[in-house]
Amino acid sequence: MKSLLICLPTYNEVQNIDFALNSIRNWRLKYPNRKISVINIDDSSPDGTAKKARKIAQTWGDEFFQIVNPGKNGLGPAYLTAFTWGLDNGFELFLEFDADGSHHIEQADQMLDNSESCDLVIGTRWMNGGSIINWPAYRRLISRFGTWYAAKMLELQYRDLTSGFRMLSARLVKDLVDHPVATKGYGFQIESVLRCQNLNLSIREVPITFTERSAGNSKMSTKIALEAFWQVTRQGVRHRLPFRD
């Protein structure tokens, strides 16, 4: 049975971290024979997220680990830090999970089921069985447009390329660590799917319910959106060049 590392990046999530960690620990009890640990990568949150996380998990032992970066590095670098640590410590599966309450850890069950035969399992909002709760229309539009544009530019046939709830195999993670993707924000998720496809690794989508955070502020910004748009455009143009590698 493959070991699993749950990767939990945080920045100013002091209002949500207790729910995230406690729900993960309760879910873990369903798998007593599987090694499941959590690594929290915190970007020196000024609101005390890292300290609160340590307090919550102080009795967890080897179920909880934490790395505090000296500054705000972004989502992509946080995941790469977690992946590097996980590979060094022998983990075989990696779950990307948001700490803001938008993801429901019990839906990782179907990801685990599919992880035996897939290198990337994407939790998808935009498919039969998937849903979004409490998102305004403009956020839905941004998400749908982002996936549509990336799918067209990069010739990817998946329905939720920006989803942050997904499970990755160690061999995919190793390639991402050895050859880091360029984006620091949510475009990291798109580039990860492209990398997986280019490596001819297996990908599957499973439906999830996404719930808008009830506390704290979203990390989405114009800068992050523009970074993703630029990187997708650059990759798309390069993908179409006849002399590309």
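All of the numbers you see were taken from the coordinates with simple rules; none came from a lab. None of these values were measured; they are calculated from a predicted model. Please note: Cβ atoms are built from the backbone with ideal geometry, for glycine as well, and neighbour counts cover all protein chains shown.
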* Asked: What are the trypsin sites (Lys or Arg not before Pro) within region 7-49 that DSSP puts in a loop, where the Cβ has at most 13 other Cβ atoms within 10 Å?
  -> K30, R34
* **Gyration tensor verdict on region 44-156 (Cα atoms; rounded if a/c is under 1.5, prolate if a/b is larger than b/c, oblate otherwise)** => prolate
* For the chain, calculate the relative contact order in percent as a whole number, restricting contacts to Cα pairs under 8 Å that are 6 or more residues apart. => 24 percent
* What order, most packed first, do the peptides 163-170, 46-53 have when packing is the mean number of other Cβ atoms within 10 Å of each residue? -> 163-170, 46-53
* With labels modelled as points extended 7 Å from the Cα through the Cβ direction, what inter-label distance (nm, one decimal) is found for D47 paired with R213? -> 0.6 nm
* Asked: If you rank H179, H103 by fewest surrounding Cβ atoms within 10 Å, what's the result?
  -> H179, H103
* **Label-point separation, D113 to D18 (7 Å along Cα→Cβ), nm** => 3.4 nm
* To do: Take W60, project a point 7 Å from its Cα along the Cβ direction, then tell me which residues of region 1-21 have their backbone nitrogen under 19 Å from it.
  => 3-21
* Would you list, by chain and number, the lysines whose Cα falls below 20 Å from the Cα of K174, excluding same-chain residues fewer than 8 positions away? => K2, K35, K184
* What is the gain in length, in nm to one decimal, between S202 and H104 on full extension, counting 0.36 nm per residue of separation less the C-alpha to C-alpha distance? -> 32.9 nm
* **Reach of K51 by Cα under 20 Å, taken over aspartates and glutamates that are not fewer than 8 positions away in the same chain** => E13, D18, D42, D43, D62, E63, D98, D100
* Structure fact -> Gyration tensor on Cα atoms of region 4-240, a ≥ b ≥ c root eigenvalues, a/c under 1.5 rounded, else prolate if a/b beats b/c, else oblate, says rounded
* Asked: Taking 0.36 nm per residue of separation and subtracting the Cα-Cα distance, what length does fully extending R234 through R171 add?
  -> 20.1 nm
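In what order do Y138, Y149 fall by count of nearby beta-carbon atoms within 10 Å, going from fewest to most?
Y138, Y149
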* Please find the FRET efficiency linking N134 to H179, where r is the Cβ-Cβ separation and R0 is fixed at 41 Å, and quote it to the nearest 0.05. => 0.65
